[in-house]
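Participant: A single structure is presented below for examination.
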Amino acid sequence: LISLRPSAVIIMTNLSREEQQEARERRMAEVEVIESAYSPDEVWTKNTFVCYSEGDVGLEYSPDLCQMIRLLDLPLSILPEICDETSSVKLELTLTMPNDYPVSESNDAALSTEVSLVSAPSNPQFVRKAALNAIPKLKKICQKEAISTVGSESVMSVLNCAENWIHSEWGELLQELSAGTSTRQSYLDDIMETKQDLKAKTIIGRRIIYSHHIIANSKRKALSELASQYKLGGYTKIGWPGVILIEGDEFGCQQFVDEIKSMRWQHLSVRAEEQSEIPGGETNIDPYRKLPKQFEELGEDDMSILASRCREAGLEHLFLLCMKINDDRSSIDKKKDQPANKLNIGRETKIIYTYGALIHVDHMNDGKGYRRWLRQACQTAGCSLLIKNC
């Protein structure tokens, strides 16, 4: 019987069958109230099958709404001189309902609380540190509230407790970690230098990013919001594996990558990137985009659609690099169709070949600085540049 439902869990309960039924009905009613108070993006539930056992009566499967997850936004507007006022730290507060909740008054029947980091800006660095420091503090105060309200419906009380902590304590924690003048000034100097370097020349950047999977609604929403925030177009292909392709202002691409790297991933890597300078000092990059201006989500089975879109945009090489696919045949065809250039000098004809260099480096401690220097050196030498992160 158990093998037929591998996702089920067996629970031994001291409650009578009537009390079990009462507990399930009260949990379901509480879930309905919470879901009516929040949007689906703010709060959602996880369903599981719970197998109850009461003495020698036997086993009974029952669908049970045992978890509620709240997406919390911790604002950064308190530091407008450093942080983007529209950005925030995102945490997930997971409340697990024990099988005796909310009937039993035992501490074992209290809501179990877990807090995890969904996303946090990687710059300035103290923001991520503040987010990580906030997790145990928030979990402690939420668990304390859950125990103090045991024997009754506690979800709304714990959620209010979390909101109150954010309003009263988060700002102080953030300011405390940002108080170091050297840390703050070094970050401002670094970001201003990067902005000035990129603004001196308008550069359109592209990144293709490989992930083990992209499934969580919160993460998909965060990717879309970040792309909108930095005015990036492109695609995200969800499912297994996940692929993110972005295009836009080079500084925005850098910030997008830095921020998603701060999220929790089983595996995430930038497989390839490229930059192109907009000619003539023009600042509007839209006429030079190869991808849609809007960020579009593709389905779990739409890898072939992504490949087709890349091919149509002339960016198939990025897709192939992301998938680690060799393109030897197309390279041979190109050599046949595009012979070496010929230059007539007097009576002699000189053949001009195009050469390339493949360079592998162990690491880049200062990735932004290295890329900036490489772009400048290649521009001076009249070379094109393609960077792949392995």
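Read the figures in this text as sums done on the coordinates, not as results from a lab. Quick caveat: nothing in here was measured; it's all calculated off a predicted structure. Heads up, the Cβs are rebuilt from the backbone with ideal geometry, glycines too, and the neighbour counts pull from every protein chain shown.
Participant: Spelling out what I want: for every residue of the range 237-249, take phi, set θ = phi - 60°, compute 6.51 cos²θ - 1.76 cosθ + 1.60 (Karplus), and round to whole Hz; glycine and proline get x.
Facilitator: Karplus values, whole Hz, x for Gly and Pro: 9, 7, x, 10, x, x, 10, 10, 10, 10, 8, x, 4.
Participant: Between Glu35 and Gln376, how many nm apart are label points set 7 Å from Cα along the C-beta direction?
Facilitator: Spacing of the two 7 Å Cα→Cβ label points: 5.8 nm.
Participant: Considering amide H positions built from the backbone, and no H for Pro or chain starts, which residues 5 or more places from Ile387, or on another chain, come under 5 Å of its amide H?
Facilitator: Those qualifying (amide H under 5 Å, at least 5 residues apart or on another chain) are Glu273.
Participant: Still on this structure, I have one more. For Ser269 and Thr45, what does the FRET efficiency come to when R0 = 25 Å and r is the distance between their Cβ atoms, rounded to the nearest 0.05? List each step's numbers first, then the result.
Facilitator: Details: r = 33 Å, r/R0 = 1.31.
The value I calculate is 0.15.
Participant: So, in nm, how far is label Glu282 from label Glu169 when the simple model puts each one 7 Å beyond its Cα toward the Cβ?
Facilitator: Label at Glu282, label at Glu169, 5.4 nm between them.
Participant: Sort 294-303, 241-250, 111-120, 140-149 for me by packing, meaning the mean count of neighbouring Cβ atoms within 10 Å per residue, highest on top. The partial results should precede the final answer.
Facilitator: On the way: 294-303: 14.9, 241-250: 23.7, 111-120: 19.4, 140-149: 17.4.
So the order, starting with the most tightly packed, is 241-250, 111-120, 140-149, 294-303.
Participant: Would you mind checking the pairs Lys46/Lys324; Lys140/Lys231; Lys144/Lys261; Lys46/Lys237 and listing those with alpha carbons more than 27 angstrom apart?
Facilitator: Numbers: Lys46/Lys324 36 Å; Lys140/Lys231 38 Å; Lys144/Lys261 32 Å; Lys46/Lys237 24 Å.
Violating the 27 Å Cα-Cα cut-off are Lys46/Lys324; Lys140/Lys231; Lys144/Lys261.
Participant: Please work out the FRET efficiency for the pair Ser308 and Ser384, using the Cβ-Cβ distance as r and a Förster radius of 22 Å; give the result to the nearest 0.05.
Facilitator: In this case the efficiency is close to 0.35.
Participant: If you don't mind, another one. May I ask you to compute the full-extension gain from His317 to Ile147, defined as 0.36 nm times their residue separation minus their alpha-carbon distance, rounded to one decimal in nm?
Facilitator: Taking His317 through Ile147 to full extension adds about 55.6 nm, to one decimal.
Participant: Another question, then. Between Glu176 and Arg289, what length comes free when the chain is fully extended (0.36 nm per residue of separation minus the Cα-Cα distance, one decimal in nm)?
Facilitator: Once the chain is fully extended between Glu176 and Arg289, it gains 36.5 nm.
Participant: How much net charge surrounds Ile214 when only other residues with a Cβ under 10 Å from its Cβ are counted (Lys, Arg +1; Asp, Glu -1)?
Facilitator: Neighbour charge sum, excluding Ile214 itself: +1.
Participant: Using the beta-carbon distance between Glu225 and Met28 and R0 = 41 Å, what value does 1/(1 + (r/R0)^6) give for FRET efficiency, to the nearest 0.05?
Facilitator: 0.80
Participant: Between Ile135 and Asn365, 0.36 nm times their residue separation minus their Cα-Cα distance comes to what?
Facilitator: Result: 79.9 nm gained on full extension.
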